[in-house]
1. Restricting attention to segment 38-69, and to residues there that are assigned to a helix (DSSP H, G or I) and among the hydrophobic types (A, V, I, L, M, F, W, C), which single residue is surrounded by the most Cβ atoms within 10 Å (Cβ to Cβ)?
2. What's the total number of residues in segment 295-312 that are open to solvent by less than 80 Å² (accessible area, probe 1.4 Å), in contact (Cβ under 8 Å) with a residue 12 or more places away in the chain and outside any loop (DSSP other than H, G, I, E, B)?
3. Taking segment 93-116 on its own, how many of its residues are open to solvent by less than 20 Å² (accessible area, probe 1.4 Å) and assigned to a helix (DSSP H, G or I)?
4. Give the number of residues within segment 203-234 that are assigned to a loop (DSSP other than H, G, I, E, B) and either among the aromatic types (Phe, Trp, Tyr) or under 22 Å from residue 117 (Cα atoms) (or both).
5. I'd like to verify a number: residues in segment 247-268 that are within 26 Å of residue 159 (Cβ to Cβ) and part of a loop (DSSP other than H, G, I, E, B), how many?
6. With (1) in contact (Cβ under 8 Å) with a residue 40 or more places away in the chain; (2) touching a Gly at 6+ places or on another chain (Cβ under 9 Å) as the list, and residue 219 as the residue in question, which single condition is left unmet?
7. Looking only at segment 258-272, count how many residues are surrounded by fewer than 20 Cβ atoms within 10 Å (Cβ to Cβ) and either in contact with a helix residue (DSSP H, G or I) (Cβ under 9 Å, 6 or more places away or on another chain) or charged (D, E, K, R) (or both).
8. Considering only residues that are closer than 19 Å to residue 96 by Cβ and surrounded by 13 or more Cβ atoms within 10 Å (Cβ to Cβ), look in segment 1-32 and name the one that is modelled with the lowest pLDDT.
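The values are calculated or read from the model by the stated rules, or taken from the named source; none is laboratory data. Just so it is clear, the model here is predicted, and its values are computed rather than measured. For neighbour counting, all protein chains shown are included, and Cβ atoms are generated from backbone atoms with ideal geometry for every residue, glycine included. Keep in mind that these areas ignore ligands, DNA and RNA; they rest on the heavy atoms of the full protein, side chains included. Shrake-Rupley method; radii C 1.70, N 1.55, O 1.52, S 1.80 Å.
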Amino acid sequence: MFFQGVQLPESMKRQVKITRGIEPLFGTRDENIRLLETALHVSARLLEDSLEIEGEAGPVKRAEAILEDYVSLVREGQAFTNGDMKNYLRVVLEDPEVSLRALVVSARQRNFGKKSVAPRSPNQMRYVEAIERNDMVFAIGPAGTGKTYLAVAMAVWALLSKRVSRIILARPAVEAGERLGFLPGTLQEKVDPYLRPLYDALFDMLEVEKVEKYLEKGLIEVAPLAFMRGRSLNESFIILDEAQNATPEQMKMFLTRMGFGSKAVITGDITQIDLPAGKRSGVLEAIDIISGVEGVSFVYLNERDVVRHPLVQRIIKAYEQYNEVVQERPFALELDQTPVETAAPAADAAAAGPSAAAPEPAA
């Protein structure tokens with residue numbers, strides 16, 4: 001179509017027949033369908049037994065493909081919740097190479113215990129794929145991006161599908177900016193508070209009885225990083241969580257524990273390093289040293305991958321912007337903190353009175 005010699009984008013309408021699964025497709029207050037409309041710049045209208053999509057040809061065809069995947073998956077018995085559909089749409093709409101069917105089937109093929117786990121962003125999907133394809137994966141990103149949760153999910157899948165014979169979860173026993181003092185109890189009871197996030201992820205995916213049984217049999221081991229020294233870990237899925245708090249020496253020690261048939265995932269948030277001042281993080285050193293080693297993959301996540309309360313995304317972004325400003329203006333900040341003394345001589349002269357004034361010239 002041309003208007004005054006200018007070719008206008010071709011507009012089109014398509015209808016996709018939908019008889020089941022309307023509620024999860026539209027989502028709470030239509031948030032899912034609005035996400036589709038906003039991302040693809042199309043409009044959607046619900047008819048009696050179908051959904052009509054209108055807009056430019058390319059986006060309409062893509063929306064049609066997503067909806068057709070959804071209809072066929074529902075017909076095959078796939079159950080969607082409002083939240084699941086929103087997460088799937090976020091991934092599919094951000095990455096044109098990903099189809100809804102491929103994403104759902106990929107998650108369905110893995111047994112994560114009592115819970116279905118699927119990536120909620122393109123970076124999370126790359127993270128899961130990297131774990132499948134590589135023997136060692138570093139996941140670097142801020143809090144709430146699913147680094148630990150997805151790693152534990154993949155470890156549970158590997159154990160239940162007998163790809164490994166045990167799971168080993170490790171964490172540096174470093175206090176986050178506060179002193180906890182003496183902790184009573186056995187050695188395990190002393191270190192358990194540091195390892196609680198790993199237990200939380202396990203209990204979220206497996207029944208309590210099964211976790212306790214696996215812990216008792218040694219199929220799952222949760223231990224401080226220091227306990228890894230001197231060990232060779234064969235046929236194991238090894239996770240080092242909060243790795244930004246590992247020293248360079250501890251990191252090298254951990255990375256050389258891998259035995260035959262093992263896989264290692266190292267997660268860390270380099271914006272929350274709790275090591276003593278002047279001590280470099282082992283993760284930062286590892287990025288410099290082994291980022292080019294074959295078989296090692298680095299995945300970087302950001303605030304767009306946060307799966308906690310939406311406010312967490314905005315908080316992380318605000319901190320990142322603040323840190324950028326501080327790094328760009330270090331000298332300006334130093335000048336602002338320097339006391340101003342230029343007015344001092346005049347003030348001293350006033351305090352000294354007339355005798356301190358300059359002598360009059362001789363007649």
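1. Selected residue: 63.
2. Residues that pass the stated criteria total 7.
3. In the first step, residues of segment 93-116 are kept if they are open to solvent by less than 20 Å² (accessible area, probe 1.4 Å); the result is 100, 103-104, 107, 112.
Checking the rest, the ones that are also assigned to a helix (DSSP H, G or I) come to 100, 103-104, 107.
The qualifying residues number 4.
4. The total comes to 3.
5. Of all residues in segment 247-268, those within 26 Å of residue 159 (Cβ to Cβ) come to 250-251, 253-268.
Still in the running and part of a loop (DSSP other than H, G, I, E, B): 256-257, 259-262.
So the answer is 6.
6. For residue 219, the failing item is (2).
7. Of segment 258-272, the ones surrounded by fewer than 20 Cβ atoms within 10 Å (Cβ to Cβ) are 258-261, 270-272.
With the extra rule that they be either in contact with a helix residue (DSSP H, G or I) (Cβ under 9 Å, 6 or more places away or on another chain) or charged (D, E, K, R) (or both), the set shrinks to 270-272.
So the count comes out to 3.
8. Checking each candidate, the answer is 12.
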